[in-house]
């Protein structure tokens, strides 16, 4: 099934127009994206601060999107390594 077919089927079952159904769907995902983007995950957070963020989004019929503290710390360390490597590369490039 294509996206347009799904929108049409859902619109028909809810008695809504396909245009309105499409806007509702896109708005829902926009809110999810804005919530996730607004999380200050690039900052160095303590465990308590991280858990206060509520970094989880429950999507009915799909499941829960979540970030664990362990994953957050690993990604933060990976970012630090990336920045260090980029700085070394830039320094080496400037020397030549």
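Figures for the structure shown
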| item | result |
| --- | --- |
| Tail beyond 14 Å, pair distance distribution of the range 11-61 (Cα, percent) | 65 |
| Using a Förster distance of 35 Å, the FRET efficiency for residue 69-residue 91 (Cβ separation, nearest 0.05) | 0.60 |
| Sites residue 33 and residue 62 - FRET efficiency at Förster radius 25 Å, r taken between beta-carbons, to 0.05 | 0.95 |
| Nearest 10 degrees, 0 to 90: helix 69-95 Cα axis against the chain principal axis | 50 |
| Part-to-part distance (alpha-carbon centres) for the range 34-96 and the range 1-26, which is given in Å | 35 |
| Residue order, fewest to most surrounding Cβ atoms within 10 angstrom, among 75, 1 | 1, 75 |
| FRET efficiency, 1/(1 + (r/R0)^6) with R0 35 Å, evaluated for residue 6 and residue 76 via beta carbons | 0.40 |
| C-alpha long axis of helix 3-14 to longest principal axis of the chain, angle in ° | 50 |
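Throughout, read-outs are computed from the coordinates displayed, never taken from laboratory work. Note that the coordinates shown come from a computational prediction; the quantities given were computed from them, not determined experimentally. Positions of Cβ are backbone-derived with ideal geometry, glycine not excepted, and every protein chain shown enters the neighbour counts.
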